[in-house]
Amino acid sequence: MSTKYNPLNQALMDQILHHLRNGQVQRCLDIGLDVEVLNLLRQPQAHSILKNAPARWCKIQIDLDMVKKLLENCERDERETRLVHRAIQLGATNGMIKDFFGMAPSEISVVRQLLNVPGRSGRVAGLNDTDQVWYRFLDLMSTHEVDHKDAIALLDICMLITEELNGPFESIKHKHDQITLGLIWNLVQTWLNEGLYPP
């Protein structure tokens, strides 16, 4: 079913008139008009002719590379948000969140409130058996073929270990003896700094 006018013509004409009313002539030139046409558009009837023309006198050109890049960034942002939430729920310190994701303390505080995971104060649970963590760390690093220089991949390994030690999050979020991600991360960093890994 055809229409008496082309909606794309109307939309662009409205935008052109907006630019002209605000003295933004260069923007009109940038989209493909020239001085001769702009002079003709001083006549009110010219506006009506272009807005109601059934023939389309403008076209849309899509920058496909830019569209893909923006959508990829959207997916990346969603993955990062999930990662931040998971890390905070598992007991990452504010310093870790800042270093990994560049978030300011005020931003971290808001996320903690949204997740109902307050910052920890006082002593946290310790590890009675670091050997268990060590062997599990070796196994996961080998299984997932993780480069220890890849900080995000290493963080993911530490989160897996933390989850295994504590069990399901819902069962531990109110426990004071939770083994925190911060503790596991610091332990792994100690092994790396002491040259124990890679073996």
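The values are calculated or read from the model by the stated rules, or taken from the named source; none is laboratory data. Just so it is clear, the model here is predicted, and its values are computed rather than measured. Positions of Cβ are backbone-derived with ideal geometry, glycine not excepted, and every protein chain shown enters the neighbour counts.
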Among the residues in segment 107-114, are any over 19 Å from the mean Cα position of the chain (by Cα) and basic (K, R)? no
Test result for K149, modelled with pLDDT under 90, under 26 Å from the mean Cα position of the chain (by Cα) and in a loop (DSSP other than H, G, I, E, B): no
Given the structure, is V133 under 17 Å from the mean Cα position of the chain (by Cα), surrounded by 10 or more Cβ atoms within 10 Å (Cβ to Cβ), β-branched (V, I, T) and not in a loop (DSSP other than H, G, I, E, B)? no
Just to be sure, is M141 closer than 23 Å to Y197 by Cα and surrounded by 12 or more Cβ atoms within 10 Å (Cβ to Cβ)? yes
Considering only segment 92-114, I want to know if a residue exists there that is exposed (fewer than 10 other Cβ atoms within 10 Å of the Cβ), touching a residue at least 24 places away in the same chain (Cβ under 8 Å) and either touching a strand residue (DSSP E or B) at 6+ places or on another chain (Cβ under 9 Å) or not in a helix (DSSP H, G or I) (or both). no
